[in-house]
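Colleague: What follows is a single structure, and I will ask about it in a moment.
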Amino acid sequence: MNRALIVAGGVGNRMGQDIPKQFLNVYDKPVIIYTLEAFQRHPNIDEIYCVCLDGWHDILRAYSKQFGITKLKDVVSGGETVQESIRNGVMGIKTAQDDDIIIIHDGVRPLVDGAVLSDVIAKCSEFGNAVTSMPYNEQIFVKKDDNTTCQYIPRDTLRRVSTPQAYTYGKLVWAYKKAFDEKIGIGSSSYTNTMMVDLGETLYFASGADRNLKLTTTENIEIFKAYLKMEKDDWLK
């Protein structure tokens with residue numbers, strides 16, 4: 001089976017709002033619902049699990065019922081860090097088999113494309129894992145100090161990665177147990193992909209999309225609205 005694990009446990013301080021960013025309404029629909037709808041309509045997603053802030057579980061379930069997210073199977077509590085939240089979500093999928101595919105995705109990336117999901121699943125089926133990736137089109141320089149540089153990294157050696165990411169359930173359980181037992185790859189800036197590399201795993205690239213932006217600031221929300229308006233205009237033509 002292919003199970004989605006949506007990580008929506010963040011507080012969203014950078015957004016400067018009174019409620020978590022994943023629950024902000026955009027055109028009368030919460031951001032998290034846009035994300036869940038992408039997984040709901042994908043034919044290869046069998047179940048959805050969601051990591052959510054305490055106090056918001058019932059609200060998420062109510063929204064999911066209102067907007068027809070019938071694949072949502074359970075909501076689990078997040079942790080103090082992103083890695084704790086993902087670990088809680090992985091361990092909360094009680095019925096999974098070792099070779100089941102778990103697709104991890106940020107709840108505040110609501111524009112995930114169906115083709116991206118399909119490729120992540122296909123690559124994970126073939127190689128055991130897959131991380132969404134895109135070429136890096138900017139120049140990257142290494143700081144010599146706060147004001148100068150004399151070294152750059154050739155951009156053709158770089159890929160920028162995001163969610164969705166996919167791993168087999170057995171590998172995720174092994175990785176999170178080992179990482180937390182041995183304090184490997186669970187720092188404040190870590191995610192599942194960096195943890196896997198810190199544990200010695202080789203990752204496989206899957207296709208990405210520029211529109212799969214993460215909503216962390218009010219400016220990102222405005223870009224999200226623009227994408228939605230473009231889609232409505234295209235539908236009207």
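The values are calculated or read from the model by the stated rules, or taken from the named source; none is laboratory data. Computed from a predicted model, the values in this text were never measured in an experiment. Quick reminder, even Gly has a Cβ in these numbers, built from the backbone with ideal geometry, and neighbours come from all protein chains shown. Please note that ligands, DNA and RNA were not included when accessible areas were found on the heavy atoms of the full protein model with its side chains. Shrake-Rupley method; radii C 1.70, N 1.55, O 1.52, S 1.80 Å.
Colleague: Taking the simple approach of a point 7 Å from Cα along Cα-to-Cβ for both Thr149 and Asp74, what is their distance in nm?
Modeller: A separation of 4.5 nm, rounded to one decimal place.
Colleague: OK, next. What does the charge count near Glu47 come to, summing +1 for each Lys or Arg and -1 for each Asp or Glu among other residues with Cβ under 13 Å from its Cβ?
Modeller: Spelling it out: positives minus negatives among the neighbours equals +1.
Colleague: Beta carbons within 10 angstrom, averaged per residue: use that to sort the peptides 164-175, 47-58, 183-194, highest first.
Modeller: Highest mean packing first, the order is 164-175, 47-58, 183-194.
Colleague: Would you kindly derive the ³J(HN,Hα) couplings of segment 213-225 from the backbone phi angles with the Karplus curve 6.51 cos²θ - 1.76 cosθ + 1.60 (θ = phi - 60°), listing them in order in whole Hz, with x for Gly and Pro?
Modeller: Result, ordered by residue: 7, 9, 8, 10, 10, 5, 5, 4, 4, 5, 5, 4, 4 Hz.
Colleague: Something else now. Could you point to the residue in Asn137, Tyr176, Val112 farthest towards the positive end of segment 110-197's charge dipole, with +1 and -1 charges on the Cβ of Lys/Arg and Asp/Glu respectively?
Modeller: Positive-most Cα among the choices belongs to Tyr176.
Colleague: Then there's this: Going by the alpha-carbon gyration tensor, a ≥ b ≥ c the square roots of its eigenvalues, is the chain rounded (a/c under 1.5) or, if a/c is not under 1.5, prolate (a/b greater than b/c) versus oblate?
Modeller: Rounded, because the longest to shortest axis ratio a/c is under 1.5.
Colleague: Out of Asn212, Asn44, Asn147, any idea which swings most in a Gaussian network model of the chain, alpha carbons joined below 10 Å?
Modeller: Looking only at Asn212, Asn44, Asn147, the biggest GNM fluctuation is shown by Asn147.
Colleague: Suppose every K and R has +1 on its Cβ and every D and E has -1 on its Cβ; what is the size of the dipole of segment 135-193 about the Cα centre, in Debye to the nearest 20?
Modeller: In debye, rounded to 20, segment 135-193 gives about 200.
Colleague: First select every other residue whose beta carbon is under 12 angstrom from the beta carbon of Met91; then total the charges, Lys and Arg +1, Asp and Glu -1.
Modeller: +1
Colleague: Order Phe180, Phe224, most accessible first, counting only protein heavy atoms with a 1.4 angstrom probe.
Modeller: Phe180, Phe224
Colleague: Determine the share of segment 114-166's accessible area contributed by carbon and sulfur atoms, expressed in whole percent, with a 1.4 angstrom probe.
Modeller: C and S atoms contribute 50 percent here.
Colleague: A follow-up question, please. Please report the spacing between the Cα centers of segment 167-237 and segment 107-164 in Å, no decimals.
Modeller: One Cα centre to the other: 10 Å.
Colleague: Working with all protein chains in place, sort Arg159, Arg211 by solvent-accessible area computed with a 1.4 Å probe, largest first.
Modeller: Ranking Arg159, Arg211 by accessible area, largest first, yields Arg159, Arg211.
Colleague: Provide the per-residue ³J(HN,Hα) series for segment 144-160, in order, calculated from phi with Karplus coefficients 6.51, -1.76, 1.60 and θ = phi - 60°, each as a whole number of Hz, with x at glycine and proline positions.
Modeller: With the stated coefficients, segment 144-160 comes to 7, 8, 5, 10, 9, 8, 9, 8, 10, 10, x, 5, 6, 9, 10, 9, 9 Hz.
Colleague: Place +1 on the Cβ of every Lys and Arg and -1 on the Cβ of every Asp and Glu in the chain, take the dipole about the Cα centre, and give the residue among Met196, Ile45, Gln66 whose Cα lies farthest towards its positive end.
Modeller: Looking along the dipole axis, the top candidate is Gln66.
Colleague: Let me ask something additional. So, with +1 on the Cβ of K and R and -1 on the Cβ of D and E, and no other charges, what is the size of the charge dipole of the chain about its Cα centre, to the nearest 20 debye?
Modeller: 220
Colleague: With charges only on Cβ, +1 for K and R and -1 for D and E, what is the dipole size of segment 162-202 about its Cα centre, in debye, rounded to 20?
Modeller: Dipole size: approximately 80 debye.
Colleague: So, one more: On a 29 Å Cα-Cα criterion, which of the cross-link pairs Lys73/Lys177; Lys183/Lys214; Lys73/Lys214; Lys65/Lys123; Lys143/Lys171 come out too long?
Modeller: Beyond 29 Å between Cα atoms: Lys65/Lys123; Lys143/Lys171.
Colleague: Sticking with this structure for a sec: Any idea which of Val31, Ser85, Val75 is furthest toward the positive side of the dipole for segment 1-109, if Lys and Arg beta-carbons carry +1 and Asp and Glu beta-carbons -1?
Modeller: Highest projection toward the positive end goes to Val31.
Colleague: Can I ask one more? Per residue, how large is the accessible surface of the chain? Use a 1.4 angstrom probe and give square angstrom.
Modeller: Per residue, the chain has an accessible area of 52 Å².
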